[in-house]
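Where a number appears in this text, it was derived from the coordinates with a stated rule and is not lab data. Just so it is clear, the structure is predicted and the values come from calculations on it, not from any experiment. In this analysis, Cβ positions are derived from the backbone assuming ideal geometry, glycine residues included, and neighbour counts consider all displayed protein chains.
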Amino acid sequence: MLIPPCSRCGAPSAFTDRATGEDLCPECLLRSIERRARNVVLSTVGRGDRVAVALSGGKDSSLTLFLLKKFSEEIGFELSAITIDEGTAYRRRSIEAARLLASELGVEHVVVPMRDVHGVDAREIASLLPPGWRRSVCTYCGVLRRQAINVVARSIGADWVATGHNLDDVLQTFLMNLIRGDVNALSRLPQGARSPSPLLIPRIRPLSLVREREVTAAVLLLGLPAELGKCPAVSGMRVRVRRAVDDLEVRLPGSKASLWLGASRILPSISSSLRVELKSCRLCGEPCTERLCKACQMKMELEPLLGRKLDYTLGGMAARFNSPHHRRLG
């Protein structure tokens with residue numbers, strides 16, 4: 001079978017862009033991904049800033065760390081990586097990949113068990129949830145992990161948290177929040193926005209203009225150590241939305257990028273028109289819009305199942321962060 005030439009340079013191609021119909025060689029594909037990611041970073045991060053990559057060891061966050069390492073040398077910002085260990089078998093494998101990549105790149109790597117921050121982890125939650133419970137383990141894990149990342153990033157003095165969310169991810173999140181009618185969540189989607197609280201580290205998504213297929217191809221071409229699969233616990237609405245969007249992309253190539261382009265144009269208006277008044281959670285002190293933050297609400301739900309009280313001080317992170325139990329690697 002003949003390998004078609006790259007549409008840009010004529011070299012043997014390795015990837016077909018279904019949206020544009022272009023055949024791309026490894027160099028042209030990687031150059032395209034790098035250009036889009038660099039534009040996102042340049043629009044937010046400045047010289048001397050400290051960026052913490054939320055590194056799961058999966059393909060998206062691994063490519064994000066790889067690219068940001070290169071950009072940090074060009075732009076002049078500091079770089080570190082944070083991994084939250086949710087205690088699952090899947091996470092053990094991905095943490096090893098994260099450790100290896102951070103070591104190869106020479107990036108400081110902090111691994112913090114979720115249990116140390118919240119007093120419970122995803123493995124224990126999954127073992128206790130009865131059939132038909134009001135929330136999935138994925139929902140609990142996501143909320144607790146996001147708060148833990150913010151707390152650890154703040155502890156190491158990060159100005160930005162970079163996540164590995166790709167175009168597919170951000171589009172799915174947009175549509176899910178639209179379906180739920182969650183305007184507050186929609187207002188938080190624009191990246192690089194000024195944080196409403198000094199306790200909330202603003203987030204950037206360097207891969208938000210890169211499709212998942214491109215990320216997978218790039219990780220394989222670069223030979224990065226990374227888990228290519230998805231967490232087996234992912235379920236619920238995201239799975240259904242993902243399937244619907246993937247089906248639309250097959251029928252109408254380029255629809256993912258067009259949908260996200262349209263969303264990106266209207267989201268800043270939603271964000272600027274919505275005045276969010278933040279309070280301090282009465283249990284953990286973190287910023288929230290209600291008397292209790294989502295993490296504390298969920299931990300209170302879990303206590304009857306666990307049969308014990310949970311830690312609402314976030315593990316005393318400021319005092320405990322440098323303990324030997326937390327590993328600094330790289």
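Around LEU100, with a cut-off of 12 angstrom between Cβ atoms, what is the net charge of the other residues, counting Lys and Arg +1 and Asp and Glu -1?
-1
Expressed as an acute angle from 0 to 90° and rounded to the nearest 10, what is the orientation of the C-alpha long axis of helix 237-251 relative to the principal long axis of the chain?
The angle comes out at about 10 degrees.
Please give the charge dipole size of the range 240-280, origin at the Cα centre, charges +1 on K and R Cβ atoms and -1 on D and E Cβ atoms. Round to the nearest 20 debye.
Rounded to the nearest 20 debye, it is 100 debye.
What residue among LEU222, LEU200, LEU310 has the largest mean-square fluctuation in a Gaussian network model of the chain, using Cα springs under 10 Å?
Highest fluctuation among the options: LEU222.
Report, ordered by chain and residue number, the lysines lying within cross-link reach of LYS70, taken as a straight Cα distance under 19 Å and ignoring same-chain residues fewer than 8 apart.
Here the lysines satisfying the reach criterion relative to LYS70 are LYS59.
Quickly estimate the mean residue ellipticity at 222 nm for the chain, helices only: each DSSP H run with n ≥ 4 gives -39500 (n - 2.57), and the total goes over all residues, rounded to 500.
Mean residue ellipticity, 222 nm, calculated: -15500 deg cm²/dmol.
Please sort 279-288, 59-68, 14-23, 245-254 by packing, taking for each peptide the average over its residues of neighbouring beta carbons within 10 angstrom, highest first.
Highest to lowest by the protection proxy: 59-68, 279-288, 14-23, 245-254.
If we count other beta carbons within 10 Å of each Cβ, what is the order of LEU189, LEU128, LEU144, fewest first?
LEU128, LEU189, LEU144
Taking the beta-carbon count within 10 Å as an exposure proxy, list TRP260, TRP160, TRP133 from fewest neighbours to most. Numbers along the way, then the final one.
Numbers: TRP260 20, TRP160 23, TRP133 14.
Result, fewest neighbours first: TRP133, TRP260, TRP160.
Check ARG211: other-chain or 5+ apart residues with amide H under 5 Å from its amide H, H built from backbone geometry?
Amide H neighbours of ARG211: LEU167.
Starting from the amide H of PHE15, placed 1.01 Å from N in the peptide plane, find each other amide H under 5 Å away whose residue is 5 or more places distant or on another chain.
Correct list: LEU24.
Can you tell me the 0 to 90 degree angle between the C-alpha axis of helix 89-105 and the longest principal axis of the chain, rounded to 10?
Around 60 degrees separate the two axes.
Whole Å is fine, so just give me how far the alpha carbon centre of the range 48-80 lies from that of the range 101-166.
18 Å
Quick one: helix 59-75 against the long Cα principal axis of the chain, what's the angle to the nearest 10°, folded into 0 to 90?
80 degrees
Taking amide H positions as placed in the peptide plane 1.01 Å from N, state which residues far from LEU79 in sequence (5 or more) or on other chains have amide H under 5 Å from it.
Those qualifying (amide H under 5 Å, at least 5 residues apart or on another chain) are VAL51.
I need the phi-derived Karplus couplings for the range 178-189: 6.51 cos²θ - 1.76 cosθ + 1.60, θ = phi - 60°, integer Hz, Gly and Pro marked x.
Along the range 178-189, the couplings run 5, 4, 6, x, 8, 5, 4, 5, 4, 5, 8, 6 Hz.
Got a sec? Charge dipole of the chain, +1 on Cβ for Lys and Arg, -1 for Asp and Glu; which of THR83, THR313, VAL170 is way out at the positive end?
THR313
Under 8 Å for C-alpha pairs, at least 6 residues apart: give me the relative contact order for the chain, rounded to a whole percent.
23 percent
Placing +1 at every Lys and Arg Cβ and -1 at every Asp and Glu Cβ, with all other atoms neutral, what dipole size does the chain have around its Cα centre, in debye to the nearest 20?
So the dipole magnitude of the chain works out to roughly 740 debye.
Got a sec? How would ARG188, ARG35 order by Cβ neighbour count within 10 Å, fewest to most?
ARG35, ARG188
Let me check against my output: what whole-number percent is the relative contact order of the range 10-115, with C-alpha pairs under 8 Å and at least 6 apart?
Computed value for the range 10-115: 22 percent relative contact order.
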